[in-house]
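To start, the structure itself, in structure tokens.
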Amino acid sequence: MRRRSSNATLYLVLIIVLAIMAVLNPTRFLRVRNFYSMAYQLPFLAFLAMGQMVPIVGGGINLAIVATANFTGIITAMLLRALSGGSPLEASTLVILVSMLGGVLAALLAGALSGFLIGYLRVPDILATLGTMILLNGVNIVLTKGYTLTGFPDALIAIGNGVFLGIPIPFWLFLAIAVVFRMIMERSVFGYQLYMIGSSYTASRFAGINTRSVIMGSYLLSSLFAAITAFVMMGQLNSVKANYAESYLLVSVLACFLGGVDPLGGDGRVSGLVLAVMILQVISTGVNLMRMDPFFILAMWGFIVLVIIAANHLSGRFRLQRPLRGLGQDSGLADG
Amino acid sequence: MSDFLKLVGIKKSFGGVQALKGIELAVGQNEILCLVGENGSGKSTLIKIISGDLKPDSGELWISGRMYKQLRPIQSLNLGIRVIYQDFALFPNLTVAENIAYSQLVETQDRLVNWREIREIAARAVELVQADLDLNEVVGNLSVANQQMTAICRALTRDTRFLILDEPTSALTKKEIDRLLQVVRDLQAKGIAVMFVSHKLNEVLAIAERVAVLRDGELVATLDREEATNERLVELMSGTRVTYSRYEAKPSNEPPLLEVKDLSKRNCFQDISFSLRRGEILGITGLLGSGRTELALALFGIDPADRGQIVVDHQPIKIRTVKDAIKAGIGYVPEDRLTQGLVLKKSVGENIAAVIIDRLRGWLGLIDNRAWNAAVERWIDELAIRVTSPEVKAQTLSGGNQQRVVLAKWLASLPKILILDNATAGIDVAAKSGIHQIIRRMARQGIGIILISDEIPEVVNNCSRILIMRKGRIAAEVETADVTEAEVQQLVELTEPRGKGEGMVASSL
């Protein structure tokens, strides 16, 4: 139906990275245990990256995504404590569900704020989400007074930490959500309109696309992913804090670019994003096994993205396409 | 050598299309040369090669007896070549003096601004053309004619040898045009060569010493003033003797499809009233800035009107958003297809589906591929859009084909009313007449069409009635059966807004 670009470069990079890591860690990398730990860690970054991809495809960005995740975690933790009478470890299923719902609503509220500013008031996306981020960071600190909140019931922890049929539950979640996400982005009317708006806001408006509600929807969806990320994070860390995972904000953006999402909006596939997240995870796990400085992982990630962007540039894919003005248009621009 | 500029064998192509096919042209030291040609004939490309914005593929530029393979923009400036484009490229938030002196100040590379120098530079330039400009006025507040004078003054601050004016009269009234032509003659007397690029032949004939005619990238003729006549130029420009066939709408006594009553928007248009019948093609023309596009955008919900009434099919409706307009069955084909009409990065199919996407929902609200393909293929067929597949990106198509995609997008929504705003600008003659055929076919199918255009022949030949707008009001209304193109042209440039009475038409003819 609609033409999509190929992910050949990304498959190639994934294979190369896997090979390099296997060679550098001859005894430890190609082990079931190692792949298990990758399956355990990958969903966290994957959900953040998906949440970032939505607004970028629409021509924006969500700088508040990590702050929203922390906000969700904190609200959920506080509701748990309040609704279970101070003993969150024994909270009933209903209380857990209500608390999580509260967390999700908090995330959506944050998304609605960004979405309203950007979609309705046309505030530039960077400004709006930067504002939302700083607002949430402040609120998060006020709510927690800077302390770490800890102690969650097993059912909640299972989301990030449990195992089902020998595979981590977060990885099952990731598989299911990735399928749904792909349908939303590449098969639904909302997804189609989002790609159109990201490609040309003006032309989309002149085609009667409701730019306001689609942009609003994109920030709500982005925040929903932040909430999912928050629940995984709560399970894996067994705690929430005002400023967890802040360095992952830029990693989520970087994963999008690595996955072939057009920084200017309007292009990028979910499968490319998933491959990009896998590449980042393999690098991170491999470097860890070598017992190197963890900050080296960040450097490696940055390096890989630069290599891929350079490669894509040389092969002409990422280059800002010059419109073919000769085809009867050259004078259309000035003569008209 | 008394030629200031001589072009030898200039060729330029863009991705397979030859825009210029070996141009040979000379301009004397202080000659006024007019360059005419249809949209898409290569005029702009030629100007850009002279100004150094584009490199020719082959050929030579001789300037004051020196040969150049290509020019860089700064070289072109240093050689005394200035181009004033249609949009003037002024800073609307700066004063006249600042705008005029700007380029000279940049050149001196001083770090500090010398306000007295700015005034002196500006005053000298204004003196040169004896323009009546207030140096302290902010350019954004000036009339179009005075903005143009500012642009001309700016071009004259440095040693100018050759001035190119690109479509300089498209937003001017008759009086302002006369003033401009006088300024051009004065500049000539001061030893400056002028190239006057236009498609309005009456002005060309008024000012030219020689006329060069471009068609499809070739210089088909260079005529002396005595040899040039209106008919001869039209024939040369279009290649064939264009005999526009007139469109005769069947007169019907049906009640109007669209009625607009006293529609107003502050600073845009006032008290607009008209009606449109099913199957009618109603023309709206007027100078740039006469309010015609603003009116169209109000009917389409992009910039809604402040007050007034819109009635579609007897239903009074409010149009506040594009969605409202679409719901009422109104579509809009904009002049600027590159930013407003099309999502260039996306495929032809994705563009065609944009308006009807909600009707292509299937299982779970996902897009129904079969319905999508059927709709896209149907409209590619109906409008004979030449593409190898619906997945081709819109930006790769020619102008005429692109405009067909925009039409397809709207026709797919089965509109009652379609507004075309200068929809054939920048499209070659053959593609243009193809679009006209489509418009007539749509009208025969019962769609009411509002055809907004600069080109008098386009409205006169396709429409049964024409509204002529001036300064945001309807200045005149004519039945095309009763008028010639020249008379309509006159109305556009001369008429004052229609007052309470309706007597304006007769008196201004």
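Might you check whether a residue that is assigned by TED's automatic domain parsing to the domain that holds B:Ala325, in contact (Cβ under 8 Å) with a residue 24 or more places away in the chain and farther than 22 Å from B:Ile284 by Cα occurs anywhere in segment B:415-435? Yes - at least one qualifying residue is present in segment B:415-435. Here is the figure for segment A:146-173: residues that are surrounded by 18 or more Cβ atoms within 10 Å (Cβ to Cβ) and either farther than 16 Å from A:Thr76 by Cα or of a type in the set (Ser, Thr, Tyr) (or both) total 6. Looking across segment A:255-270, the residues that are over 14 Å from A:Val13 (Cβ atoms) and either part of a helix (DSSP H, G or I) or within 14 Å of chain B (Cβ to nearest Cβ) (or both) come down to A:Cys256, A:Val261, A:Asp262, A:Pro263, A:Leu264, A:Gly265, A:Gly266, A:Asp267, A:Gly268, A:Val270.
Look through segment B:21-62, keep the residues that are of a type in the set (D, E, K, R) and in contact with a helix residue (DSSP H, G or I) (Cβ under 7 Å, 6 or more places away or on another chain), and return whichever of them is farthest from the other protein chains (Cβ to nearest Cβ). Step by step, filter segment B:21-62, then rank; the result is B:Asp53. Filtering B:Asp271, B:Asp303, B:Asp262 for residues that are among the charged types (D, E, K, R), assigned to a loop (DSSP other than H, G, I, E, B) and touching a residue at least 24 places away in the same chain (Cβ under 8 Å) leaves a single hit, B:Asp303. When each of A:Phe152, A:Phe174, A:Phe190 is tested for being under 30 Å from B:Asn351 (Cβ atoms) and among the aromatic types (Phe, Trp, Tyr), the lone residue that passes is A:Phe190. Going through (1) outside any helix (DSSP H, G or I); (2) of a type outside the set (S, T, N, Q); (3) under 26 Å from A:Asn161 (Cα atoms) one by one, A:Ala69 falls short only on (1).
Which members of segment B:188-202 meet the condition of being more than 17 Å from B:Leu5 (Cα to Cα), over 22 Å from the mean Cα position of the chain (by Cα) and in a helix (DSSP H, G or I)? B:Ala189, the sole residue that qualifies. The helices (runs of 4 or more DSSP H) falling completely within segment A:100-214 that include 2 or more residues that are over 28 Å from A:Asn243 (Cβ atoms) and within 14 Å of chain B (Cβ to nearest Cβ) map to A:169-187, A:189-199, A:201-206. Here the condition is being in contact with a Leu (Cβ under 7 Å, 6 or more places away or on another chain) and surrounded by fewer than 22 Cβ atoms within 10 Å (Cβ to Cβ); of B:Leu25, B:Leu77, B:Leu20, B:Leu35, it holds for B:Leu25 alone. In the set (1) in a helix (DSSP H, G or I); (2) without any contact (Cβ under 8 Å) to a residue 40 or more places away in the chain, the condition left unmet by A:Met78 is number (2).
Of all residues in segment B:350-372 being more than 7 Å from chain A (Cβ to nearest Cβ) and closer than 20 Å to B:Lys393 by Cα, which is surrounded by the fewest Cβ atoms within 10 Å (Cβ to Cβ)? Across segment B:350-372, the extreme among qualifying residues is B:Ile356. When B:Arg116, B:Arg158, B:Arg179 are screened for being touching a helix residue (DSSP H, G or I) at 6+ places or on another chain (Cβ under 8 Å), in a helix (DSSP H, G or I), among the basic types (Lys, Arg) and on the phi < 0 side of the Ramachandran plot, only B:Arg179 passes. Working only within segment B:383-398, note down all residues that are within 7 Å of another protein chain (Cβ to nearest Cβ) and over 25 Å from the mean Cα position of the chain (by Cα). Correct list: B:Glu391 only.
Residues that are within 13 Å of B:Gln147 (Cβ to Cβ) and part of a helix (DSSP H, G or I) within segment B:80-99 comprise B:Val96, B:Asn99, listed in sequence order.
The values are calculated or read from the model by the stated rules, or taken from the named source; none is laboratory data. These figures come from a predicted structure and were not determined experimentally. Virtual Cβ from ideal backbone geometry, glycine too; neighbours counted across all protein chains shown.
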